[in-house]
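This report concerns only the one structure given below.
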């Protein structure tokens, strides 16, 4: 009986290894949840900052990329790093633009609300800038999400 | 459990950056002339390396965005991204954001330039650190 169980465990380990290998070949490194709430992707760990942004550290605890705005960007980045694609930084670029648009959207929105009842011309200008920043932010968010969805589809 | 569920449960819902998180790098919104208990990840990245902030420093000066230090602007940037009200920021940071808004009206490509500099600031670190 014990021998059967051991055999079963070995079979499961073997299947697990094969699945992990196959997923890696397709471009996906399985993620694991750690006890501290972080996520490990291969040798890289995704953690969350107090301000809601994310950062990726390596096995030695060295901080590789800070201030990642979207969790999906962090997941894609960690997956790329775990696959050894160290130079694919396009996702970081998109996330930074997303963050900058988020900043612009917020300041123009607040300025628009400030000028709304005081200065029509300024309010209109701020509203246009607010709408442009908002659309740009959505565009980059969708780009990142589509990359993330492609990654998830592999599984 | 599906992998997407695992990722979402652990690091947040798809498309959301809000929510409670564990404190790893606490953000300080203190002006640079006051002793800060901790620095934001971005300012930690930049204040330790003066050459990193120099391009941003120059850009702010060129566009007459008056800040005591570039870190003040970066702290304001972080705070605004977290949807902090402008009126709740320290006066130096409020002035910097005001100057930035004025500058973007005269120079619409300023945000693009700034994003480019931030990209360099952020990506210069990982490439040198990745083993």
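Hey, what's the Cα Rg ratio for the stretch A:1-121 versus the globular rule of thumb, 2.2 N^0.38 Å?
Values: Rg = 21.4 Å, N = 121, 2.2 N^0.38 = 13.6 Å.
Here the answer is 1.58, to two decimals.
Cα centroids of the stretch A:103-140 and the stretch A:52-96: how far apart, whole angstrom?
Centre-to-centre (Cα) distance: 30 Å.
Points 7 angstrom from Cα along the Cβ direction at residue A:122 and residue A:88: gap in nanometres?
Those two pseudo-labels are separated by 4.7 nm.
Could you calculate the FRET efficiency of residue A:149 with residue A:25 from 1/(1 + (r/R0)^6), where r is the beta carbon distance between them and R0 is 35 Å, rounded to 0.05?
On the way: r = 20 Å, r/R0 = 0.57.
Efficiency at R0 = 35 Å is approximately 0.95.
Can you tell me which of B:94-103, A:17-26 comes out highest on packing, and rank the rest after it, using the mean Cβ neighbours within 10 Å?
Details: B:94-103: 18.6, A:17-26: 11.6.
Most protected by this proxy first, the peptides run B:94-103, A:17-26.
Helix A:120-154 versus the longest principal axis of chain A: what angle, 0 to 90°, nearest 10, using Cα atoms?
Helix A:120-154 sits at roughly 10 degrees to that axis.
Calculate the spin-label point distance for residue B:120 paired with residue A:34, positioning each point 7 Å from the Cα along the beta-carbon direction, and give it in nanometres.
With each label placed 7 Å out from Cα toward Cβ, I get 3.3 nm.
Grab the Cα-Cα distance for residue A:16 and residue A:131, subtract it from 0.36 nm times how many residues apart they are, and report the gain in nm with one decimal.
On the way: separation 115, 0.36 × 115 = 41.40 nm, distance 4.84 nm.
Length gained between residue A:16 and residue A:131: 36.6 nm.
Mind giving me the FRET efficiency for residue A:138 and residue A:113? R0 is 25 Å, r the Cβ-Cβ distance, nearest 0.05 is fine. Don't skip to the answer; put the middle values down first.
On the way: r = 20 Å, r/R0 = 0.81.
It comes to 0.80.
Fewest to most neighbouring Cβ within 10 Å: what's the order for B:120, B:104? Present the calculation step by step, with values, prior to reporting the outcome.
Working: B:120 13, B:104 20.
Starting with the residue having the fewest Cβ neighbours, the order is B:120, B:104.
No value in this document is a laboratory result; all are computed from the given coordinates. This is a predicted model, so every value here is computed, not measured. Neighbour counts are summed over all protein chains in view; Cβ atoms, including those assigned to glycine, are modelled from backbone coordinates with ideal geometry.
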